[in-house]
Amino acid sequence: MTALNGILKDRVLLIFLTSLVLTVFVPDLFGSYWAIVALNLMMWVSLTQSWTLFSGMTGYISLGHVVFYGIGAYVVASTFKVLPLWVSIPLGGVVAGVLALLVAIPVLRVRGPYFVILTFGLAELVKYIVLNVETSIGKSSRLLFGAPTIETLLYIMIGLAVIATLMTKLVSQSRFGRGLSAIRDDEITAETVGVPVVKYKITAFTLSAVIPGMVGGVIALKSTYFEVLQVFNPVISFTVVTMAIIGGSGDVRGPFMGAAFLLLLSELFWATIPQIYMILVGLFLIVFVVFAPNGIAAILWPARSRDSQ
Amino acid sequence: MNLLEVENIGKNFGGVRALDEVSLMVDKAETLGLMGANGAGKTTLFSVIAGHLKPSNGIIRLKGKTITGYRPDKVCRLGIARTFQIVRPFIGMSVRENVEVAILFGNSGYDSASSLGDRAMDILDDVGLQGLSETFAGKLTLSARKCLEVARALATGPEILLLDEVMAGLTPREVDDMIEIIQRIKLQRRLTIVIVEHVVKALNQLSERVVVLHHGKIIATGSPQEIAQNIDVREAYFGASDT
Ligand SMILES: Nc1ncnc2c1ncn2[C@@H]1O[C@H](COP(=O)(O)OP(=O)(O)OP(=O)(O)O)[C@@H](O)[C@H]1O
Ligand SMILES: [Mg+2]
């Protein structure tokens, strides 16, 4: 109840959520091209928001976020026309959560650069396992005929972005979130003052996997075909981390700012001169890491950002 | 029944035997001093009790219950709090937030009857840090950091407080202040304290009983006066026949 009260009183959050929801009007007002842009934006907001729930809060930088997205896409693609979407999309989230729970115990034993590499390696491992399974049953790709319209998918994705934002916000304001920040600051001290670090890390890691699981399913439907190498592409993980860094993960608006910023860059350059786009992304990443490690959100709204001092 | 029992604890680091069959008992509301030269194993003993290190052998009991091998967070919630010799504050948080985390997660059973901030301020008052409550822990002076270690441990609501050289590096005046703080919180909260200190004066003033560790072994136990006159201890410290 107190959590709900907190949300209703949080004007910044309410305005932010309202603006997310207002993107439902994009298809009608601006046409199908912008509907796809909006869908992409909501996808990245959901992914980045869910990434910050674990990696932003605990400082364990995961480079394997795509694995949950990929597994969700796989669930939806392989159960297409077998299960209704209102079952298969949430099921993608559940399966991603279960996968996170299973790998959490070994993966969360290591810290720092080892964790980064391990999450990356694990995502690649799962990718090749799925690839081999698919090849062995003779399905290098699957076509998904009769998927819902872009508008419908956009509405679902907006819902996911809202849920991801709310989840991250609720966690960051809770006792659980306090514990996660303590872990990020100094895990040994956290443990010393009673924070159940193992339980908390596993819980946060699992929670952060559920949203990408569902997002992956929706995106598989959007592209109307499923190809393993595409939905498990590690570039998706890199992009999420980049968006979180550039946008900032201490403020709910950070992931949105990061996603919007990179999408704008890619709108401007990707289609025409993709090399320039990659160079600019690299440059901005360096500039932000060095000069504004808490991202755009901390520059625009300094007082609210968690790390600003 | 003793509040805390350490029975035949051994700890090896590779070839180094940091603790060798250490046994000791701590009574309720007692203050036990732990002394010994550098590398004697004092910090290692704290780490074993608090769950940061698993002993190679031996048993730790709290109120008769075996707690050997429990994780630190569980040990903390059972009422044993430690400070770190090399201070470890949450540097990204303010002094008050450091203490709040300890209140929220410790043994004190936070019930939101009084506000978290108020409770944190009460504890900061007790250690004389109230004026620095909004300062970031990373920006504190050494003596303030040492006080914060004590405050954070205290905020977990412990029955037993393990203090590891909280006076090291302090000026004589600051040492006096710290002694007074420890005496006060001990009385207020009926705390049981195990204190490691190289400042002999502090150890003598605070402890009812002193245990001396040497190369991981207990070589003497007694009142501060007895220890001061103990010939083995002198040898261990001043190396008359150091092995
Ligand atoms: N993590 C570790 N790995 C290997 N050896 C260790 C480790 N921690 C302590 N030691 C060794 O164990 C012995 C006891 O160290 P400990 O830190 O417990 O001593 P201490 O009595 O606290 O000394 P000081 O007064 O310097 O704090 C030393 O020889 C030390 O080098
Ligand atoms: Mg020591």
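The values are calculated or read from the model by the stated rules, or taken from the named source; none is laboratory data. Since we're looking at a predicted model, the values are computed, not measured. Neighbour counts are summed over all protein chains in view; Cβ atoms, including those assigned to glycine, are modelled from backbone coordinates with ideal geometry. Just the protein is used for accessible areas: all its heavy atoms, side chains included, with ligands, DNA and RNA removed. Shrake-Rupley method; radii C 1.70, N 1.55, O 1.52, S 1.80 Å.
Here B:E235 and B:V16 are evaluated by their C-beta separation; at R0 = 30 Å the FRET efficiency comes out at 0.90. A 1.4 Å probe over all protein chains sorts B:E21, B:E97 by accessible area into B:E21, B:E97, starting with the largest. Among the chymotrypsin sites (Phe, Trp or Tyr not before Pro) in the range A:114-189, those placed in a DSSP loop whose Cβ has at most 13 other Cβ atoms within 10 Å are A:F145.
Of the two radii for the range A:2-233, the radius of gyration is 1.00 times the Kirkwood radius, both from the alpha carbons; that is the Rg over Rh value. Each residue of the range A:15-27 is assigned a 3J(HN,Hα), and the resulting list reads 5, 4, 5, 4, 5, 4, 5, 5, 5, 4, 8, 4, x Hz, derived from the Karplus form 6.51 cos²θ - 1.76 cosθ + 1.60 (θ = phi - 60°), x at Gly and Pro. Peptide A:179-185 is shielded by partner chain Cβ atoms: per residue, an average of 5 of them sit within 10 Å of its Cβ. Of the trypsin sites (Lys or Arg not before Pro) found in the range B:144-243, the ones in coil according to DSSP and having at most 16 other Cβ atoms within 10 Å of their Cβ are B:R190. Contact order for the range B:4-238, expressed relative to its length and based on alpha carbon pairs under 8 Å spaced 6+ residues apart, stands at 26 percent. Summed over qualifying helices (DSSP H, 4 residues or more, each -39500 (n - 2.57)) and divided by its residue number, chain B shows a 222 nm mean residue ellipticity of -11000 deg cm²/dmol.
Within the accessible area of chain B, the carbon and sulfur atoms contribute 52%, probe 1.4 Å, all protein chains present.
Take the residue pairs B:K42/B:K186; B:K63/B:K146; B:K42/B:K146; B:K28/B:K65 and return only those whose Cα atoms are more than 25 Å apart. Cα-Cα > 25 Å for B:K63/B:K146; rest within. When both bridge partners sit in chain B, DSSP labels roughly 55% of those beta bridges antiparallel. Distance distribution note for chain B: the fraction of Cα pairs above 30 angstrom is 24%.
Secondary structure note: in the protein assembly as shown, about 60% of the DSSP beta bridges are antiparallel. Pairs of Lys residues in the range A:2-233, spaced 8 or more positions apart or belonging to different chains, with C-alpha separations under 19 angstrom: 5 in total.
Can you send over the carbon and sulfur percentage of the accessible area for chain A, probe radius 1.4 Å, protein chains only? Taking all protein chains in place, chain A shows 72 percent carbon and sulfur surface. Per-residue ellipticity at 222 nm computed for chain A from its helices equals -24500 deg cm²/dmol, with DSSP H segments shorter than 4 residues left out and the rest contributing -39,500 (n - 2.57). In summary, the aspartates and glutamates within cross-link reach of B:K217, defined as a Cα separation below 15 angstrom excluding same-chain residues under 8 places away, comprise B:E7, B:D20, B:E21, B:D232, B:E235, B:D242.
Protein-only accessible surface at a 1.4 angstrom probe places the residues B:E30, A:E124, B:E7, B:E208 in the order B:E208, B:E7, A:E124, B:E30, largest first.
Excluding ligands, DNA and RNA, what is the accessible area buried between chains B and A, summed over both sides, using a 1.4 Å probe, to the nearest 100 Å²? Show your work: numbers first, answer last.
Numbers: alone 11190 and 14680 Å², together 23870 Å².
So the buried area, both faces added, is about 2000 Å².
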